[in-house]
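First comes the structure, then the notes that go with it.
Derivation of every value follows stated rules applied to the coordinates shown; laboratory data play no part. As the structure is a prediction and not an experimental result, all values here were calculated from the model. Please note: Cβ atoms are built from the backbone with ideal geometry, for glycine as well, and neighbour counts cover all protein chains shown.
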Amino acid sequence: MTDTREEQAAGQPAADENRLIAERRAKLDTLRSTGQAYPNDFRKDTTAAELIARFGDRDADSLEAVEDVFAVAGRMMAKRVMGKIAFVRLQDRSGAIQLMIQRDHLPEGVFHAFKHWDIGDILGARGRVMRTQKGELSIRVSELRLLVKSLRPLPEKYHGLTDTELRYRQRYVDLIMNDNSRNVFHTRSRIISFIRAFMEAPGREFLEVETPMMHPIPGGAAARPFVTHHNALDLDMYLRIAPELYLKRLIVGGLGRVYEINRNFRNEGVSTTHNPEFTMLEFYWAYADYRDAMDLTEMMLSELTQAIRGDHKVIYQGLEIDFSGPWERLSVEDAVRRYNPKLAEADLWNEDFLRSVCSGLQVHTEKNWGPGRLLTELFEATAEENLVQPTFITHYPTEVSPLSRRNDDHPEVTDRFELFICGREIANGFSELNDPEDQAERFREQVANKDAGDQEAMHYDADYIRALEYGMPPAAGEGVGIDRLVMLYTDSPSIRDVLLFPYLRPEA
RNA sequence: GGGCCAUUAGCUCAAUUGGCAGAGCAGUAGACUCUUAAUCUAUUGGUUCUAGGUUCGAGUCCUAGAUGGCCCA
């Protein structure tokens, strides 16, 4: 392998060259010696899907009458040569179309050259539409060009690429080989487009905004941030864990209804439902409360389900999820009692009692946690996984909801909800805390927790308090996890399946 | 962070109790003017994830590590 040795001598990383690549490099050398090896002067004028839509149901005779010549281009995914005739499956962004290539229909030498082209090469072809004897719509090729020489062999044609690690690391190969993977990302795009249209529809008119990704003070969620550094200002900055405090500043500013669909970064573990960077829809809505936000969420996801699935149901990993409302709304307290029937109502705020129940269930607790936090832990440990159908869980304890408005009748809980589907948290929303003095006090409690060792506790954000002091209209706000939503609609078991480039450790 | 499992040709996978590392597809050469995972003939291709160890002998057993998957925290 002289190539490899020469490359290593030239200081390049040792490539995973092999004889298959070497053979293709030799073919590329021949192309270079005879002209432009990577031309960019071929223009397609249609796609596979467009041809199938136009001609898919026409019979052979009627296609004979079509005199138009079409230009297509794409990757050669299959090649079947039979002497002087060949069939190629050409894959483009829309799908695939078959080429029928006859030696005697092409200029001298083209067919001979084609026989040495490889699966994975990118071709351009012109020709009239026809139907083969076996009935497949095809292009009878009158002009054929090699546009890109592919140097690396594609995975095997029948089994494709199944190795999960390779599918994530080399997503480009996964997208070439797996229809299913392409479909997931088409669906993801449709979901996000739908949400934008829904939020901006007449009558709602939420304004899409962009707020900073780098924060001097991380805020808006309980999570550990990634730290980075601004050299010119010699200032540590944090990749945002949530856009919440900035979006609410915009509510103070009078924008009234705002939303943002963008990335959050949390310095936490990786799992089938967690990626260090993930996408959230977050919106804020003046003169609305948490019940309005629940109504809006229910309407949005019901309509989304219709738009994506054409039905009110989704099958996720064998579970049938029914999005037609109304969805159950259940307080944290009621949910805990439903799944722990031995607990009396009076027990739910008894700190010592909750602590003993948690310890009996092997639920980890900390000394400085009050009854609100303990109740929430108990909920997560015993109730969450049972919430398969869309369910709003309401009235989270104030202790775990430092940005939410207290309930008017029960100040130890907030006007907050989370939406669960398939046992997973999909959304989190609440009536916003717009009392600057209450908010300042909650920040001080968070700082005390942080000083006591809670790395996820919030910082005191003085500018945010200042903003509230100017007066924030009463409002509701909510965050919706887009990746988890896409998982549901694409029946994907792992968040990595719905991220084009999920987090992976660097290759060895 | 812990447990279990996996890693063999470009890809998908075999390899009996520790005893010659194999197949299909892809590739290469040839045949073939209607194929659909085309077919037929011949044929090339290996750091068995890495580093140690046990053994006459290791893909297989042991130790450590890497990466991935699943489960748990």
The relative contact order of chain A, taking Cα pairs under 8 Å that sit 6 or more residues apart, comes to a percentage of 12 percent
Shape descriptors of chain A over alpha-carbon atoms, Rg and Dmax in angstrom, are 29.3, 91
Note to self, chain A gives a 222 nm [θ] from helices alone (DSSP H runs n ≥ 4, -39500 (n - 2.57) apiece, / all residues, nearest 500) of -10000 deg cm²/dmol
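A:Leu504 to A:Ala49: FRET efficiency via 1/(1 + (r/R0)^6), r the Cβ-Cβ distance, R0 41 Å, to the nearest 0.05?
Details: r = 32 Å, r/R0 = 0.79.
Given R0 = 41 Å and the Cβ-Cβ separation, E is 0.80.
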Once A:Met299 and A:Glu469 are pulled to full extension, the length gained, defined as 0.36 nm per residue separation minus their Cα-Cα distance, is 57.8 nm
Taking a crude spin-label model, label points 7 Å out from Cα along the C-beta direction, the A:Val227 to A:Lys134 distance in nm is 6.3 nm
Fewest-first ordering of A:Met280, A:Met82, A:Met300 by Cβ atoms within 10 Å yields A:Met82, A:Met300, A:Met280
If the label point sits 7 Å along Cα→Cβ of A:Arg171, residues of the stretch A:255-283 with amide N under 18 Å come out as A:261-266, A:270-281
In this structure, among A:Lys79/A:Lys157; A:Lys27/A:Lys84; A:Lys79/A:Lys149; A:Lys367/A:Lys450; A:Lys44/A:Lys157, pairs with alpha-carbon gaps over 20 Å are A:Lys27/A:Lys84; A:Lys44/A:Lys157
Nearest-0.05 FRET efficiency for A:Ile85 and A:Glu441 at R0 = 56 Å, using Cβ-Cβ distance, is 0.10
Highest mean packing first, using Cβ neighbours within 10 angstrom, the peptides A:139-151, A:476-488 sort as A:476-488, A:139-151
